[in-house]
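Engineer: Quick one: the structure is below, questions incoming.
The values are calculated or read from the model by the stated rules, or taken from the named source; none is laboratory data. The shown structure was predicted, so the numbers you read here are calculated from the model rather than taken from an experiment. FYI the Cβ positions are ideal-geometry reconstructions off the backbone, even for glycines, and counts take in every protein chain you see.
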């Protein structure tokens, strides 16, 4: 039997002392899942409880945009009605191929969610981002921020939510020292929030490699004393894309904001991850609002993805191209 993690002990003691009745900590020591859990697109052969771990296989699937809503085995439970809560897990996961990912999910529906993941992402010029990211989608539009060079097979992940609007994602390599992934104000539309765990292999057309195991040591969900004032803006944010959908005869204008000076680059890919043209370097930009303009000609109508990177932080915006 494994030894309980420090974070797990703290969470368990907190809820024993506070008398909270709803389950907010699960160390997966039971031979069956607690009935508070429910599955989205359950595929029974690819999850199991074993020796104090929940294992979910990273099958082909994603939630990106309205066209990829096929992640299997998303495990969820209701989010408590508290002003501020913190989700936490410890995951043993070694991504091998692009878009292998596993971690926490805050879920309203397939087009409105936040994921905090350990994974592998294909960057420009053949460079792989091997690290952690915060990904979110509202009304079918997907964005994320990424932290590179996190090559650990064991990762602790947290997502703090204030009033279902302010979100702060962090990670740790030892369960003690925590580093920031991203902070974001995300006012979701109406809907019941649930939270839990997931693992996947990437977008439906871009999924690569075989299924690999994501072993979750525990899941915790607790009220915290974090104040809204601690929620600072993310380093990089795409403010708007106009027009979107984009016609082939038009030029798109993308407004993005930097919170501190950094080197900025951008590029476009299609649904198969193939690059359109070369990476465009903008050089070192100062904090504030900036823009990118581009047009898409001599390519088929469909969905394309704009990638903007500042240092090791990346935002991705889907673009619908029409005739």
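Engineer: Taking the condition of being in a loop (DSSP other than H, G, I, E, B) and within 12 Å of residue 88 (Cα to Cα), how many residues in the stretch 170-188 meet it?
Structural biologist: Qualifying residue count for the region: 1.
Engineer: Separate question: Please count how many residues of the stretch 26-57 are surrounded by fewer than 20 Cβ atoms within 10 Å (Cβ to Cβ) and outside any loop (DSSP other than H, G, I, E, B).
Structural biologist: 10
Engineer: Further question on the same structure: Within the stretch 58-73, identify whether any single residue is in contact with a strand residue (DSSP E or B) (Cβ under 7 Å, 6 or more places away or on another chain), assigned to a strand (DSSP E or B) and at pLDDT 90 or above, and answer yes or no.
Structural biologist: There is no residue in the stretch 58-73 that is in contact with a strand residue (DSSP E or B) (Cβ under 7 Å, 6 or more places away or on another chain), assigned to a strand (DSSP E or B) and at pLDDT 90 or above.
Engineer: Does residue 315 count as part of a strand (DSSP E or B), within 15 Å of residue 261 (Cβ to Cβ), touching a strand residue (DSSP E or B) at 6+ places or on another chain (Cβ under 8 Å) and in contact (Cβ under 8 Å) with a residue 60 or more places away in the chain? It would help to see each step written out before you state the result.
Structural biologist: Details: part of a strand (DSSP E or B): yes; within 15 Å of residue 261 (Cβ to Cβ): no; touching a strand residue (DSSP E or B) at 6+ places or on another chain (Cβ under 8 Å): yes; in contact (Cβ under 8 Å) with a residue 60 or more places away in the chain: yes.
Against the criterion (part of a strand (DSSP E or B), within 15 Å of residue 261 (Cβ to Cβ), touching a strand residue (DSSP E or B) at 6+ places or on another chain (Cβ under 8 Å) and in contact (Cβ under 8 Å) with a residue 60 or more places away in the chain), residue 315 does not qualify.
Engineer: Name the single residue, out of those in the stretch 260-292 being outside any strand (DSSP E or B) and within 27 Å of residue 99 (Cβ to Cβ), that is modelled with the highest pLDDT. I'd like the intermediate steps shown before the answer.
Structural biologist: Quick first cut of the stretch 260-292, residues outside any strand (DSSP E or B) only: 260-261, 270-274, 286-287.
From the residues that got through so far, the ones that are within 27 Å of residue 99 (Cβ to Cβ) too are 270-274.
Values: 270: 83, 271: 75, 272: 72, 273: 72, 274: 79.
The extreme case among them is 270.
Engineer: Can you tell me which residue within the stretch 245-259, out of those that are in contact with a strand residue (DSSP E or B) (Cβ under 8 Å, 6 or more places away or on another chain) and not in a strand (DSSP E or B), is farthest from residue 299 (Cα to Cα)?
Structural biologist: Looking at residues that are in contact with a strand residue (DSSP E or B) (Cβ under 8 Å, 6 or more places away or on another chain) and not in a strand (DSSP E or B), I get 259.
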